[in-house]
1. Determine the dipole magnitude for the stretch 248-374: charges of +1 sit on the beta-carbon of Lys and Arg, -1 on that of Asp and Glu, nothing else is charged, the reference point is the Cα centre, and the result goes in debye to the nearest 20.
2. Treating only the Cβ of Lys, Arg, Asp and Glu as charged (+1, +1, -1, -1), what charge dipole size does the stretch 169-425 show about its Cα centre? Round to the nearest 20 debye.
3. Of 421, 174, 268, which is farthest on the positive side of the dipole of the stretch 169-425, counting Cα position, with +1 on Lys and Arg Cβ, -1 on Asp and Glu Cβ, and the Cα centre as origin?
4. Could you sort the peptides 278-285, 347-354, 413-420, 381-388 by per-residue average Cβ neighbour count (10 Å cutoff), highest mean leading?
5. Just to confirm a number: summing +1 for Lys and Arg and -1 for Asp and Glu over residues other than residue 267 whose beta-carbon lies under 15 angstrom from that of residue 267, what do you get?
6. Compute the signed sum of charges (Lys and Arg +1, Asp and Glu -1) over the other residues within less than 11 Å, Cβ to Cβ, of residue 360.
7. Take the alpha carbon atoms of the stretch 355-428, find their center, do the same for the stretch 222-299, and report the distance between the two centers in whole angstrom.
8. Give the shape of the stretch 385-428 as rounded, prolate or oblate, defined through the alpha-carbon gyration tensor: a ≥ b ≥ c are the square roots of its eigenvalues, a/c under 1.5 means rounded, and otherwise the shape is prolate if a/b is larger than b/c and oblate if not.
Amino acid sequence: MTTLPTRTPTGSIQARGREWHTFDERIARILCAAFVLGCGVQEPSGDTDAESETGSADEDEDEDEDAEASGEVASASGEVDASEDESVSAGAEASDGESTSGSADASGETTTSESTEASDGESTSGGAEAADESTTSGDAEASSDAEASSGADTTEGSDASSGNTDSPCVDGTWATTDVTQVGPFETVEEQVTGAVLYRPAEMLSGCLYPTITWGHGAGGQPSNYTGVLHTLASHGFVVIASTAGNVQDGGNSGNQFNNAMVQVAQWVVDQNSEPGSPLFEKIDPAKIGASGHSQGGYGASEAGQNPLIATSVSISGAVGSTNQNGPAFIICGGQDPFSGARCEDHPLSSYNGTSGVPVFFGTALDADHGNWGFGASSPSAPHDIVQATLAWFRYHLLGDEAYRSWFFGPDCHLCDHSNWTVQRKGFE
């Protein structure tokens, strides 16, 4: 959070003709005129030195002079010391307890994810914002800090969102998060070579983070899934999304099992050894999952055959294989109209064609090809498909036992869910 400078009160308000030399005077005049307080600006009683013609004063920080005139109003001591044209640095402007996060764009700058970090009701303001003023019969009481209304609102994707509590890792063990909500971690988005990185803004010391490599659909880009990818990162994942035109493409390798999704996942692993990287010694190279949508779903199934990938989640597109490196989750939308992506097409045939590992096949009955998150520009309450994806990765990559019951047992959560039909094998 950007901390704005404060102005120390100068004591009595001093007038020189019709020229105002301090910000405090302007505030007092505005209050008197707007609210008909009946207060007058009086000459100082002699205990305050006059300010210079330029409006500057050499003030002692320890000096705290009381206004002696009975009708005088003192301004709050937490006022912003800023010119009328000055704005909050870093492009973040907050008002009434709500701040923007410098939300991510494609410019390559590190930005926070449509989120705010509200600290116990404190808010900053893009302009001069006076604290609540309490006027007595002769003196005005001023708070030493500019605190706005208690319980300042936070935007979606906040690090204290919707009742979710902080979820740090303690001694290498991660606490559970609620996958039905945006997660507890504030996130940032960074452009890197050939990919976009979404991650928790604060990479906690002593914690090893799992990675999800994401594949977009044909003709798309990671920006089509901004809200979904920030939501994944808000639950403690480092998410890397390739910007390749076709994420199934293996480039010069000619090997689809070393496709663009695997290559950017390897980049994350390499950053774990780079002292100047925010990922330095923060990544668990054994906990990498692959997920994607449509063409990216095919890419996730293919990436899942690479030893680097521990598990995969394929949405609206998948490839059957007897060579998966770890458990596979295949998801389709019950309302998907597209040939190949329809549940009875490639998703089901891929489920039938995959063996040797546990395979979970789930149909989200209300979903079409993209209404579960495609095109969402900011984090919001996750759709059932995003919830299930989070639950899968929380269990398989973070060891979060709270989500084992979503997939295992005769009465598993998705088995009994009204919006899901499921098939499973290898889950005995």
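Since every read-out is calculated from the coordinates, none of them should be taken as a lab result. Treat the numbers as computed from the prediction; the structure is a model and nothing was measured. Cβ: placed from backbone, ideal geometry, glycine included. Neighbour counts: every protein chain shown.
1. I would put it at about 180 debye.
2. 380 debye
3. My answer, from the dipole projection, is 421.
4. Put in order of decreasing packing, that is 381-388, 347-354, 278-285, 413-420.
5. Surrounding charge for residue 267 is -1.
6. The answer is +2.
7. Distance between centres, Cα-based: 20 Å.
8. oblate
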